[in-house]
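For reference, the structure discussed in these notes is given below.
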Amino acid sequence: MNKSIKNKVIVVAVVLVLASLALYLYNEFLGPEGVAGTKNVSIEILINEKNIAENFTYRTEQEFLYNLMKENQEELGASFREYDLGVMLVGLMDYKAEESKNEFFHISINGEDALEGLQQIVINDGDRYTFELKKW
Amino acid sequence: MKTRDIALIGILSATITAAKLVLSFLPNIELVTLLFMVYTVVFGVKRTLLMSFVFSTIEILIYGFSTWFIVYYIIWPILILVTAYIQKKSLSEYKAAVLAGVFGLSFGFFFAVLESFFYGIMYGIAYWVKGIPFDIVHGVSNFLIALVLYKPVVNLLQRISSRERAAS
């Protein structure tokens, strides 16, 4: 193998190892921590285009919202799209947000805009999660 | 400015936008950084600064106004100016890769600084910390892309550019 290519392969390997280490350390020390125990929460789904306004209540041991939704995927009619870096909610009540119409599911927690994705949202007792179909 | 330059800036700005769109399904993996660096080296700072202005404006037309557009008008010119500064002493593929990597790693930080002006410093810090995994992916992918593609793309464009100059 050409020396220059060999050097590049080594550099690439080192960078990938360092990146993996950095991601591991991030998840270990800065990633969100779940809350253990039983929690009572509610999920509200609003899709005005289809006149859908549903409310679900759950008693759960799950620590993150994504896990709760995955557990009740059928009842919520939820669908997700998986990316290398996480999961995106694309459908609820069997309605899929249409990208061509700039639609997405806006998430709010107790009336305030969510600042994180489903996999990072920590479930706290009494939380109310609202998913509303909106356009950007 | 010559007509040729105006046409060149338009075409190359289009390539940057196309490169952005074609990889937009991959979070924070992009060719825009590489192209701005390469264009700075091959076509010069002035033309590339104008390309960055065109590119940022097209981004607004596609995605709409929000706070991010302010950073776009600042961050790409910074990359171009830093590339030009380093290039004076010769920009090897390794230096290019490091520059692209550092740029990708600090991308979220620039936005966090701006967000903190609008929503407060705590929001800015939260914004930055939450985005660190994306910045790591951005930095690493930028580094690898520049390491592999910087030299061949510069060589190719320099050949084409000198051939064009000779013909005109």
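The values are calculated or read from the model by the stated rules, or taken from the named source; none is laboratory data. These figures come from a predicted structure and were not determined experimentally. Virtual Cβ from ideal backbone geometry, glycine too; neighbours counted across all protein chains shown.
Structure notes:
- Under the condition of being farther than 27 Å from B:PHE43 by Cβ and not in a helix (DSSP H, G or I), the residues counted in region B:112-168 number 1.
- Test: residue in region B:127-138 that is farther than 28 Å from A:GLU116 by Cα and touching a residue at least 60 places away in the same chain (Cβ under 8 Å): no
- Screening A:GLU33 against (1) under 20 Å from the mean Cα position of the chain (by Cα); (2) within 11 Å of chain B (Cβ to nearest Cβ); (3) loosely packed, with under 11 Cβ neighbours inside 10 Å; (4) of a type outside the set (Ser, Thr, Tyr) leaves a single unmet condition, (2).
- Meets criteria (within 10 Å of the chain's Cα centre (by Cα) and either at pLDDT 95 or above or crowded, with 18+ Cβ neighbours inside 10 Å (or both)) for B:ILE16: yes
- Extreme residue, farthest from the chain's Cα centre (by Cα), among residues of region B:116-168 that are basic (Lys, Arg) and within 14 Å of chain A (Cβ to nearest Cβ): B:LYS130
- Hits in region A:36-79 - residues which are small (Gly, Ala, Ser), in a loop (DSSP other than H, G, I, E, B) and surrounded by fewer than 15 Cβ atoms within 10 Å (Cβ to Cβ): A:ALA36, A:GLY37
- Hits in region B:32-63 (condition: of a type in the set (Gly, Ala, Ser) and in a helix (DSSP H, G or I)): B:SER52, B:SER56
- Within region B:64-91, tally of residues that are touching a residue at least 12 places away in the same chain (Cβ under 8 Å) and in a loop (DSSP other than H, G, I, E, B): 2
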